[in-house]
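What follows is a set of notes on a single structure, which appears directly below.
Every read-out reported here was derived from the displayed coordinates using simple, explicitly stated rules and does not represent laboratory data. Model, not experiment: these values are computed from the prediction. Glycine gets a Cβ as well: all are built from the backbone with ideal geometry, and neighbour counts include every protein chain shown.
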Amino acid sequence: MSPQELRARLRLLGEPAGTPAVPTMTRLPASGAEVGEERIGAAIGSDDAAGLTPGPLVPAAVLVPFVQGARPGVLLTRRTPHLTKHAGQVSFPGGRIDPGDASPEYAALREAREEIDLDPAQVEITGRLGDYVTGTGYRITPVLGLLPAGRELEGLGLTPSPDEVDAVFSLPLSVLLDPRAPQRRRAEFRGAWREFWVWPHPDHYIWGATAAILVHLAERLRG
């Protein structure tokens, strides 16, 4: 898929985005194992989301950035192991939407700047996917974005914050678009068995809400 085709498809599939205000600041569970609540996520309104979280949802936003170099892919991060929540988990840059954030786009760009020092000026926002709910009570808005054309991940000048992120990597676009790549697995959660998605990667275990968002994104891109 060419950069031009990717941009066109992202603009078609993304829900309308608000105008982003640019910030000025600078071990693997086997199938059937019990998993923590932060690992489970599902699209709002889907069968998987039913009964996932009983209380009110906290609004959050993540940036889903596409690397457009010779090895195109989706940028992902791995959280540091010492965090109290989501420790060691693969995720998109992002976090909760603060009261001062003008929009989910603003929050996603702000968090990406804080976590990996991604300059908001390098991101072309193309839209949003539908919201997702997690077992920890977050309602996540995935914000779609394109990184500079012709730039590899290593050439973006990213610096992970040691307090939050210990790795930045990408899932190749060829894997994302392969309908055979993601696997469906089962785990016990709050006394019930739930299914969740897992994506293959040689160095990282991609599952939970991040994997579910990637599955939805892949389905929409393939049309």
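Could you tell me whether Ala212 is touching a strand residue (DSSP E or B) at 6+ places or on another chain (Cβ under 9 Å) and either assigned to a strand (DSSP E or B) or surrounded by 20 or more Cβ atoms within 10 Å (Cβ to Cβ) (or both)? Steps first, answer last, please.
Numbers: touching a strand residue (DSSP E or B) at 6+ places or on another chain (Cβ under 9 Å): yes; either assigned to a strand (DSSP E or B) or surrounded by 20 or more Cβ atoms within 10 Å (Cβ to Cβ) (or both): yes.
Against the criterion (touching a strand residue (DSSP E or B) at 6+ places or on another chain (Cβ under 9 Å) and either assigned to a strand (DSSP E or B) or surrounded by 20 or more Cβ atoms within 10 Å (Cβ to Cβ) (or both)), Ala212 qualifies.
In the stretch 171-181, is there at least one residue being assigned to a loop (DSSP other than H, G, I, E, B), surrounded by fewer than 18 Cβ atoms within 10 Å (Cβ to Cβ) and among the hydroxyl-bearing types (Ser, Thr, Tyr)? Full working, then the answer.
So the first thing to find is which residues in the stretch 171-181 are assigned to a loop (DSSP other than H, G, I, E, B), and the list is 177-181.
Those left that are additionally surrounded by fewer than 18 Cβ atoms within 10 Å (Cβ to Cβ): 177-180.
Filter again for among the hydroxyl-bearing types (Ser, Thr, Tyr), leaving none.
No, that holds for no residue.
For the condition more than 12 Å from the chain's Cα centre (by Cα) and under 21 Å from Ile206 (Cβ atoms), what is the one hit in Ser91, Ser170, Ser161?
Values: Ser91 fails: more than 12 Å from the chain's Cα centre (by Cα); Ser170 fails: more than 12 Å from the chain's Cα centre (by Cα).
Of the residues listed, the single one that is more than 12 Å from the chain's Cα centre (by Cα) and under 21 Å from Ile206 (Cβ atoms) is Ser161.
From the list Leu118, Leu144, which residue is of a type in the set (A, V, I, L, M), touching a strand residue (DSSP E or B) at 6+ places or on another chain (Cβ under 9 Å) and over 19 Å from Ala212 (Cβ atoms)? If you could, list the steps in order and put the result at the bottom.
Values: Leu144 fails: over 19 Å from Ala212 (Cβ atoms).
Answer to the check: Leu118.
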